[in-house]
Amino acid sequence: MSIKEIQEEIVDEFSMFEDWMQRYEYMIELGKSLPMIKEQYKTEDNIIKGCQSKVWVHAELEGDKLVFTADSDAIITKGIIAILIRAFSNQKPKDIIDADTSFIDEIGLKEHLSPTRANGLVSMIKQLKLYAVAYQTQLN
Amino acid sequence: MNRKVNGYPLVYLDNAATSQTPQKVIDAIVDYYSRYNANIHRGVHTLSQEATDIYEQARQKIQKHFNAAKRHEIIFTSGTTHGINLVANGFAAFLKKGDEIIVSALEHHSNIVPWQMLCERTGAVLKVIPMGLEGKLIMEEYHKLLSHRTKLVFCNHVSNALGTVNPIQEIIEAAHKMGAAVLIDGAQAAPHIKADVQKLDVDFYVVSAHKMCGPTGVGMLYGKEEWLNKLPPYQGGGEMIAEVSFEKTTYAELPHKFEAGTPNICGGIAFGAALDYMNAIGFEAIAQYEHELLEYATKELLAIDGLKIYGDLKEKTAVISFNIEGLHPYDIGSILDKLGVAVRTGHHCAQPIMDFYKIPGTVRASFSFYNTKEEVDILVASVRRAKTMLS
C-alpha cells in the first residue's frame, strides 16, 4: 500500500471513535503493539528532541525501502509513533520525503494533544523525513 | 476562573507554576489603564504624578509585606529569574579565582545556570549542598562546604519540584559566620509563607508576582541597603542615572539604580493589589487551609495502589509530586488534562532532582487557598481513571 492509502485507512479507523476516550484507548493499544527497537539502538544519538517523554527512532534500508523501529518510555507517545511508523515505514525514502502529513490533523491528534506533545509529534515527523533524506542521498 | 476544559469543569492544580488572578487584581489592572496610564517619575502632569504615587505605594505594600527596613530596598524586577541574574551579575565584581559559591541540590534550573555563568566568568567554584532521599538538604554537608572562601550561598526557600521547606534560617546564620552573603529564592514560598526579611537577616530575597495572585512579568528583589549600594547596576538606561555626560555618568539613588527604563508600572501596581488581597485573607488562614487540603489529598492519593509521593511529607507546602509504578508521568498528565484537571508533568526545571530519584519526571499537583476538597476528589478520581486506562 502507498503511504496515502495507509493514511486513509488510519483516518477511517479513527472516524469510528465517538470520543477522546476511545481514541486514547486505541492509541494506548497501538502503543503496546509497537515493534520494539533493538536495545543497541536506544542510544542518546537516536533520541528525538522536543518530546517531554523519551523517543528513540532507528532507520535501516531493506532493499530500496526504509524501515523504522522506535520506542518511547511513555505509552501514549508510543501509540503516536506506532501510527507514524505504520504510515511511513517500509516505504521508499523518496515517497517518505514527498508524503503529506495532514492526516494527523484529520484523526484529531494534533488538535487533541497538548501543545508540547504536538511539538513532539512535529519533531517525530521531521526526524522520519530527515532519515529519508539521508538515505535517499545514499541511494543516489 | 470558571471555564470548561475538554467538556469538563476546570480543576486548576498548577498553582506552583502560576496562580489564578483574583477579580480585585484584574480590576486594579483595568483601573490603571482606564484612569492613570502614564509614565512615572518624570512627568510634571497630574496623570504622571498619580501613576507615580500608586506605583510607589505598591512598593511600600511590598516593603511592609516582607518587612523590609527601607522602601528603597525593594527593587521591582520582571520576576524571580531577573532578580537572581541581577545579583549574580553584580557579584562578578566581587569574586576572584578560587572563591566559592554554594547552591542547593533542590534548585530550579534558573537557580543553577546564572551561577555557572558567573563561575565561568570569574573562576569561582560552584559547590552543591546534596539532598537526601526524603527530599531534604543534608545540612551536615552544608556546614562542611562552608569556609572563608565561600562568598555567596544560594538556596530556595521552598523547592518547586517537591514543595520541601528548606531550613533557611540555619543556612543564613551559618553563611554569615563565614562572611558570605545569602540570596534566597522565595518564588515558591511567597504564596504560602510570609517571609520577614529582617528577622531572617537575609541579604537578598526574590519573588515573582504571578505565583501569588499577581500578574506575570513582575517580581521583586529585596536587598539589604549596604549590598544594593555595593552592587553595580545591571542594565543601563533611563531612570537609573543621576547625571549623564559623555565622560561620566553618575547612577541614581536606590531603588532607581536597578530599574533602568520604563518599568512594568501596571504590573507593579497589580502586584500591590495582589498582596492586599492575600493579606486580607491572611497568611495564617491560608497556611492552615492549604495544610488541610494537602493532608486530605495526600491521604486520598496514597490510597491508590502503586502511587509514590516524592519528598518529605511534613515540612512542605501544598505540593504533591508523585508517580504511579509502571506508568510515565506524561501519560498520566495527558489523561488528566483530557479530564479537565490541570497538573504539571515533567522534570519541573529541576533535572538534578529527577536524576537523583532516577525518574524521568513526576506529576505535580500544587494547591492554592482557592482549591477545594471537591477538587481534590476530582483529582483522585481522575488519577484512578488514568491508571485504569493506562495499565
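The values are calculated or read from the model by the stated rules, or taken from the named source; none is laboratory data. These numbers come from a predicted model, not from an experiment. Glycine also receives a Cβ, built like all others from the backbone with ideal geometry; neighbour counts cover every protein chain displayed.
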Report summary line: Within the range A:10-36, residues more than 15 Å from the chain's Cα centre (by Cα) and away from chain B (no Cβ under 14 Å) come out as A:D12, A:E13, A:F14, A:S15, A:M16
Query raised in the report: Hey, B:V103 hits all of (1) farther than 30 Å from B:A180 by Cβ; (2) within 16 Å of the chain's Cα centre (by Cα) but one; which does it fall short on?
Result: (1)
Report task. Quickly run through the range B:92-121 and pick out the residues that are in contact with a Lys or Arg (Cβ under 7 Å, 6 or more places away or on another chain) and buried (at least 17 other Cβ atoms within 10 Å of the Cβ). Result -> B:L95, B:D99, B:E100, B:I101, B:I102
Requested in this report: Tell me, yes or no, whether the range B:366-385 has at least one residue that is at pLDDT 90 or above, assigned to a helix (DSSP H, G or I), within 11 Å of chain A (Cβ to nearest Cβ) and on the phi < 0 side of the Ramachandran plot.
Outcome: yes
Query - Answer residue from the range B:313-329, given it is more than 14 Å from chain A (Cβ to nearest Cβ) and polar (S, T, N, Q) and is farthest from B:E292 (Cα to Cα) among those - result: B:S321
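Conditions (1) buried (at least 17 other Cβ atoms within 10 Å of the Cβ); (2) within 30 Å of B:A161 (Cα to Cα); (3) in contact with a Lys or Arg (Cβ under 6 Å, 6 or more places away or on another chain), marked per residue:
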site: B:V11; (1), (2), (3): yes, yes, no
site: B:S19; (1), (2), (3): yes, yes, yes
site: B:P22; (1), (2), (3): yes, yes, no
site: B:I29; (1), (2), (3): yes, no, no
site: B:Y36; (1), (2), (3): yes, no, no
site: B:N39; (1), (2), (3): no, no, no
site: B:R42; (1), (2), (3): no, no, no
site: B:T52; (1), (2), (3): yes, no, no
Query raised in the report: Can you find a residue in the range B:194-202 that is within 20 Å of the chain's Cα centre (by Cα), free of Cβ contacts under 8 Å to residues at least 40 places away in the same chain and at positive phi?
Result: yes
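Taking the stated definitions as given, is B:A274 under 30 Å from B:V30 (Cα atoms) and surrounded by 23 or more Cβ atoms within 10 Å (Cβ to Cβ)? Full working, then the answer.
Working: under 30 Å from B:V30 (Cα atoms): yes; surrounded by 23 or more Cβ atoms within 10 Å (Cβ to Cβ): yes.
Considered against the rule, which asks whether it is under 30 Å from B:V30 (Cα atoms) and surrounded by 23 or more Cβ atoms within 10 Å (Cβ to Cβ), B:A274 comes out as yes.
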Requested in this report: Quick one: count up the residues across the range B:68-112 that are of a type in the set (V, I, T) and part of a loop (DSSP other than H, G, I, E, B).
Outcome: 1
Query raised in the report: Name the residues in the range B:142-171 that are surrounded by 15 or more Cβ atoms within 10 Å (Cβ to Cβ), farther than 13 Å from B:L106 by Cβ and of a type outside the set (S, T, N, Q), would you?
Result: B:L145, B:L146, B:R149, B:K151, B:L152, B:V153
Query raised in the report: Which residue, of A:S53, A:S72, A:S89, is within 16 Å of the chain's Cα centre (by Cα), away from chain B (no Cβ under 14 Å) and among the hydroxyl-bearing types (S, T, Y)?
Result: A:S89
Query - Counted residues, the range B:177-193 - those being under 19 Å from the mean Cα position of the chain (by Cα) and assigned to a loop (DSSP other than H, G, I, E, B) - result: 8
Report summary line: For the range B:310-341 the number of residues that are more than 24 Å from B:L10 (Cβ to Cβ) and surrounded by fewer than 22 Cβ atoms within 10 Å (Cβ to Cβ) is 6
Requested in this report: Say whether the condition of being outside any loop (DSSP other than H, G, I, E, B) and surrounded by fewer than 21 Cβ atoms within 10 Å (Cβ to Cβ) is met by at least one residue in the range B:207-225.
Outcome: yes
**Report entry** Residues (at pLDDT 90 or above and aliphatic (A, V, I, L, M)) located in the range B:297-331
**Finding:** B:A297, B:L301, B:L302, B:A303, B:I304, B:L307, B:I309, B:A318, B:V319, B:I320, B:I324, B:L327
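Results for (1) modelled with pLDDT of 90 or more; (2) more than 23 Å from B:V202 (Cβ to Cβ); (3) over 22 Å from the mean Cα position of the chain (by Cα), shown as yes or no for each residue.
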{"site": "B:N229", "(1), (2), (3)": "yes, no, yes"}
{"site": "B:Y234", "(1), (2), (3)": "no, no, no"}
{"site": "B:M240", "(1), (2), (3)": "no, yes, yes"}
{"site": "B:F246", "(1), (2), (3)": "no, yes, yes"}
{"site": "B:N279", "(1), (2), (3)": "yes, no, no"}
{"site": "B:F283", "(1), (2), (3)": "yes, no, no"}
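For the range B:266-289, give me each residue that is in contact with a Ser or Thr (Cβ under 9 Å, 6 or more places away or on another chain) and among the aliphatic types (A, V, I, L, M). Steps first, answer last, please.
Filtering the range B:266-289 down to residues in contact with a Ser or Thr (Cβ under 9 Å, 6 or more places away or on another chain) leaves B:267, B:270, B:274, B:286-287.
Selection gives B:A270, B:A274, B:I286, B:A287.
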Requested in this report: Within the range B:343-356, work out how many residues are surrounded by 19 or more Cβ atoms within 10 Å (Cβ to Cβ) and either more than 20 Å from the chain's Cα centre (by Cα) or on the phi > 0 side of the Ramachandran plot (or both).
Outcome: 2
Query raised in the report: Counting only residues that are part of a helix (DSSP H, G or I) and in contact (Cβ under 8 Å) with a residue 24 or more places away in the chain, how many does the range B:117-139 have?
Result: 5
Report summary line: Pairing a residue in the range B:39-52 that is closer than 12 Å to B:T262 by Cα with any residue that is among the β-branched types (V, I, T) and assigned to a helix (DSSP H, G or I), where Cβ atoms lie under 6 Å and the two sit 6 or more apart in sequence or on different chains, gives B:I40/B:T52; B:I40/B:I265; B:H41/B:T52
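How about the range A:1-105: which helices (runs of 4 or more DSSP H) wholly inside it have at least 2 residues that are in contact with a strand residue (DSSP E or B) (Cβ under 9 Å, 6 or more places away or on another chain)? Give the steps one after another, and end with the answer.
Working: elements: A:3-15, A:20-32, A:75-88, A:93-98.
Fully inside the range A:1-105 and qualifying: A:3-15, A:75-88, A:93-98.
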Report task. Determine whether the range B:26-36 contains at least one residue that is part of a loop (DSSP other than H, G, I, E, B), touching a residue at least 24 places away in the same chain (Cβ under 8 Å) and more than 14 Å from chain A (Cβ to nearest Cβ). Result -> no
